[in-house]
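Q: One structure follows; several queries about it will come next.
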Amino acid sequence: MSESLPVRCPACRRSHRYTVPAYPCVCGAPVAAPLDPDRVPAAVGQRSWREEWVTVRCGSCGTHGEWPHPELGCPCGTVLRIPVTGERPEAPTGKGPGRPAVPAVPIRTAHDAVTAAVLYLRRLGHDGIRRADQRPTSGIGLAGRGVLAQLDPSARRATPRDVECLWLTAMTESAACLYFSLSGYTAEARARADALDVPLFVLDPSGAAVPDNAPAVALDADAS
């Protein structure tokens with residue numbers, strides 16, 4: 001069971017009870033960041049990529065993964081970052097290897113979209129996902145060992161140029177690539193992606209990555 005603790009907003013002094021979400025490890029076991037009840041939550045100001053993630057060790061298989069840092073949104077508008085302790089194994093569940101279920105991460109913000117994309121990449125077997133060294137022409141770049149992904153959380157549909165730039169960058173880095181979009185793709189972008197064998201996914205409001213072309217369907221089937 002996930003941990004919970006009382007939290008008081010430092011801005012409006014409103015009390016909350018926060019329950020940390022659990023995410024599936026690649027082995028299928030649930031993993032949750034260990035909360036630190038002795039530290040006071042802090043309001044999130046300027047965000048940095050390093051502070052968005054916390055390293056947690058799975059107690060079932062020992063894998064170290066990067067997971068979203070626990071946060072709580074207060075009705076007053078303040079976002080609180082919940083303190084976590086050092087690495088701590090979770091209780092084994094007895095589950096064996098297999099296809100892990102992808103948790104529901106409802107997408108309300110760009111941060112939620114990044115979380116959904118990272119979780120899907122982990123389902124594909126990619127660990128150590130981080131912000132890409134080379135910033136894409138649009139959206140957000142994510143990278144892991146042997147993989148490069150682009151996420152566009154904007155309201156516009158991705159274009160052929162977006163797809164081509166991702167493909168070229170991946171080629172120079174000898175990496176596989178895939179594209180996530182919240183608003184989909186133009187017909188020309190989809191045709192270009194098919195020609196370049198670039199998997200296209202649409203993130204729906206529930207956080208699910210829906211394959212949007214043949215390469216994406218094949219990649220999703222391989223992960224099953």
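Okay, residues lined up against (1) farther than 30 Å from residue 61 by Cβ; (2) of a type in the set (Gly, Ala, Ser); (3) surrounded by fewer than 18 Cβ atoms within 10 Å (Cβ to Cβ):
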{"site": "119", "(1), (2), (3)": "no, no, no"}
{"site": "125", "(1), (2), (3)": "no, yes, yes"}
{"site": "141", "(1), (2), (3)": "no, yes, no"}
{"site": "160", "(1), (2), (3)": "yes, no, no"}
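Q: Between 182, 151, 200, which is in contact with a strand residue (DSSP E or B) (Cβ under 9 Å, 6 or more places away or on another chain), surrounded by 14 or more Cβ atoms within 10 Å (Cβ to Cβ), touching a residue at least 60 places away in the same chain (Cβ under 8 Å) and closer than 24 Å to residue 110 by Cα? Please lay out each step first, then the result.
A: Working: 151 fails: touching a residue at least 60 places away in the same chain (Cβ under 8 Å); 200 fails: touching a residue at least 60 places away in the same chain (Cβ under 8 Å).
From the options 182, 151, 200, the qualifying one is 182.
Q: Continuing with the same structure: Those residues that are among the small types (Gly, Ala, Ser), within 23 Å of residue 174 (Cβ to Cβ) and touching a helix residue (DSSP H, G or I) at 6+ places or on another chain (Cβ under 6 Å), I need them from region 189-213; list them, please. First the steps, then the outcome.
A: To start, the set of residues in region 189-213 that are among the small types (Gly, Ala, Ser) comprises 189, 191, 193, 195, 206-209.
Subsequent filtering for residues that are within 23 Å of residue 174 (Cβ to Cβ) retains 193, 195.
Listed by number, the list holds a single entry, 193.
Q: In addition: Residue check, residue 206 against (1) open to solvent by 20 Å² or more (accessible area, probe 1.4 Å); (2) within 29 Å of residue 23 (Cβ to Cβ); (3) at pLDDT 95 or above, all met but one. Which one?
A: Of everything listed in (1) open to solvent by 20 Å² or more (accessible area, probe 1.4 Å); (2) within 29 Å of residue 23 (Cβ to Cβ); (3) at pLDDT 95 or above, residue 206 misses just condition (3).
Q: Would it be correct to say that residue 133 is without any contact (Cβ under 8 Å) to a residue 40 or more places away in the chain and buried (at least 22 other Cβ atoms within 10 Å of the Cβ)? Talk me through it step by step, then tell me what you get.
A: Details: without any contact (Cβ under 8 Å) to a residue 40 or more places away in the chain: yes; buried (at least 22 other Cβ atoms within 10 Å of the Cβ): no.
It is false that residue 133 is without any contact (Cβ under 8 Å) to a residue 40 or more places away in the chain and buried (at least 22 other Cβ atoms within 10 Å of the Cβ).
Q: Using the structure shown, decide if residue 210 is in contact with a Ser or Thr (Cβ under 9 Å, 6 or more places away or on another chain) and without any contact (Cβ under 8 Å) to a residue 24 or more places away in the chain. Spell out how you get there, then give the answer.
A: Details: in contact with a Ser or Thr (Cβ under 9 Å, 6 or more places away or on another chain): no; without any contact (Cβ under 8 Å) to a residue 24 or more places away in the chain: yes.
No; evaluated as a whole, the condition is false for this residue.
Q: Right, next: With 10, 37, 30, 6 as the choices, which residue is closer than 18 Å to residue 121 by Cα, open to solvent by 50 Å² or more (accessible area, probe 1.4 Å) and either at pLDDT 80 or above or of a type in the set (A, V, I, L, M, F, W, C) (or both)? Steps first, please.
A: Details: 10 fails: closer than 18 Å to residue 121 by Cα; 37 fails: closer than 18 Å to residue 121 by Cα; 6 fails: closer than 18 Å to residue 121 by Cα.
Being closer than 18 Å to residue 121 by Cα, open to solvent by 50 Å² or more (accessible area, probe 1.4 Å) and either at pLDDT 80 or above or of a type in the set (A, V, I, L, M, F, W, C) (or both) holds for just one of 10, 37, 30, 6, which is 30.
The values are calculated or read from the model by the stated rules, or taken from the named source; none is laboratory data. All values derive from a computational prediction rather than experimental measurement. All Cβ positions, glycine included, derive from the backbone under ideal geometry; neighbour counts span all protein chains shown. When the accessible area is computed, the model is the full protein with side chains, heavy atoms only, and any ligands, DNA or RNA have been set aside. Shrake-Rupley method; radii C 1.70, N 1.55, O 1.52, S 1.80 Å.
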